[in-house]
1. Run through region 13-68 and list the trypsin sites (Lys or Arg not before Pro) located in a DSSP loop whose Cβ has at most 15 other Cβ atoms within 10 Å.
2. Would you please state which residues of region 67-88 a label at S125 would reach in this model, taking the label point 7 Å out along Cα→Cβ and a backbone N cut-off of under 18 Å?
3. As a test of the formula, what do you get for the chain when each DSSP H run with n ≥ 4 contributes -39,500 (n - 2.57) and the sum is divided by the residue count, at 222 nm and rounded to the nearest 500 deg cm²/dmol?
4. Ratio of region 42-127's C-alpha Rg to 2.2 N^0.38 Å, to two decimals?
5. Multiply the residue gap between N101 and F71 by 0.36 nm, knock off their C-alpha separation, and tell me the result in nm, one decimal place.
6. Pick out, from G56, I66, H26, the residue whose Cα sits farthest towards the positive end of the charge dipole of region 2-117, with +1 on the Cβ of Lys and Arg and -1 on the Cβ of Asp and Glu.
7. Label-point separation (nm) for Y5 and H26, each offset 7 Å from Cα along Cα-to-Cβ?
8. Rounding to the nearest 20 debye, state how big the charge dipole of the chain is about its Cα centre with +1 on each Lys and Arg Cβ and -1 on each Asp and Glu Cβ.
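Read the figures in this text as sums done on the coordinates, not as results from a lab. Not measured: the values here are computed from a predicted model. Because the Cβ atoms are built from the backbone with ideal geometry, glycine has one as well, and the counts that use them run over all protein chains shown.
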Amino acid sequence: MLYLYLLGRILLGGYFIGEGIKHFRHLSSYTGYAASKHVPMPREAVMLTGAMLIVGGLGVLLGVWIEFAVFLLSLFLVIISFKMHDYWNMPPESRPAEEINFKKNLGLLGAVLMLLAIPTPWILSLF
């Protein structure tokens, strides 16, 4: 079970780190998408959320600052889900993709919140 727990941390933390890196690698396209959703200061918002994902993902992966990592990831997932993936406000042809992303984010939020139930310090944490 210990190895499954570690694998889960690697997968979940790695997912968020990778998504955060994409915010910086694709800054211009993400900024355009954020602007289309009327996000104030879209470039800065994309960079901020990218940093939130990277720091939160590192916290999960390394088993450090768990409460802070969960806070960052939860905040990101709630805001992004309702602001960027508001499928109920989309034209019918855009709804399926946005609904999938909305529901995926809710599932990820559930996984992230469950991390708070694991006693700290976590087994195999680097710090």
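1. Details: sites: K22, R25, K37, R43; in loops: K37.
Here the trypsin sites (Lys or Arg not before Pro) that fit, given the DSSP loop and packing criteria, are K37.
2. Within reach of a label on S125: 67-74.
3. Values: 5 runs with 94 residues, N = 127.
Estimated from H runs of four or more residues: -25000 deg cm²/dmol.
4. Numbers: Rg = 14.8 Å, N = 86, 2.2 N^0.38 = 12.0 Å.
It is 1.24.
5. Values: separation 30, 0.36 × 30 = 10.80 nm, distance 2.01 nm.
Result for the pair: 8.8 nm of gain on full extension.
6. Going by the charge dipole, the pick is H26.
7. In this crude spin-label approximation the distance works out to 3.5 nm.
8. Numbers: 9 positive and 7 negative charges, 29 e Å.
Around 140 debye, computed over the chain.
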